[in-house]
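For reference, the structure discussed in these notes is given below.
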Amino acid sequence: MPKGFSNYNQSGWKHSEKAKIKIKKKRKCQIFTAKTRRKMRLAHLGKKHTKEELKKMSKSQKGKIIGLKTRLKMSLWQIGERNNRWKGGITPLRRKIRNFGNYQRWRNEILKRDEGICILCLKEDSNIIDHYPMTFKHIIEKFKIETTKDALLCKKLWDINNGRILCDECNYRETYARAKFRNY
Ligand SMILES: [Zn+2]
């Protein structure tokens, strides 16, 4: 069987383009009754594919490239309220800001400026970047950032001079020290 050819129709017989459109139209406005839907559900309920079938299915899907348009559609299907795990928009603002393109740009510029060297112990290939001397929390409190729009308009948040590079160890030590300081 040639690649990309659906093995749904085993005989190799194909519908004409005209017929395909007709079928599509009919399927679109087809509404099944509850009884039929239940029947359809029960017909396949509890059935498991054998290993051979699974292998066949995976083989037929291999190498398939999904188009950009379809991928976009697929992602739109599961965004926000449509997603099963949607909890009503509770993603913290901090995480939202970190997902901005601006944040990535800010990070990259600092990485380029300091060439990935930890500011405290001069270790190379460090890649943790935080806001300093004014911390992230400080900025959000001082400029009263409550929405993503506020964050985008806040210049201090995207200021390269207010940022530094740390390595894993220094970052751990810093956050630990800060937490300790807060407790006392
Ligand atoms: Zn360090």
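The values are calculated or read from the model by the stated rules, or taken from the named source; none is laboratory data. Only a predicted model underlies this, so the values are computations on that prediction, with no experimental measurement involved. Methodologically, a virtual Cβ is constructed for each residue, glycine included, from the backbone with ideal geometry; neighbour enumeration extends over all protein chains shown.
What to note about this one:
- Pair list, Cβ under 9 Å, 6 or more apart: segment 115-133 residue assigned to a loop (DSSP other than H, G, I, E, B), other residue near the ligand (Cβ under 7 Å from one of its atoms) and among the small types (G, A, S): G116/S126; I117/S126; C118/S126; I119/S126
- Of everything in segment 135-149 that is surrounded by fewer than 15 Cβ atoms within 10 Å (Cβ to Cβ) and at pLDDT 85 or above, the residue that is farthest from K96 (Cα to Cα) is K142.
- Residue check, D159 within 13 Å of the ligand (Cβ to nearest atom) and either in contact with a strand residue (DSSP E or B) (Cβ under 6 Å, 6 or more places away or on another chain) or of a type outside the set (A, V, I, L, M, F, W, C) (or both): no
- Qualifying residue in segment 163-170 (condition: under 22 Å from K96 (Cβ atoms) and free of Cβ contacts under 8 Å to residues at least 60 places away in the same chain): yes
- Flag for S75 being assigned to a helix (DSSP H, G or I), surrounded by fewer than 10 Cβ atoms within 10 Å (Cβ to Cβ), within 23 Å of the chain's Cα centre (by Cα) and free of Cβ contacts under 8 Å to residues at least 60 places away in the same chain: yes
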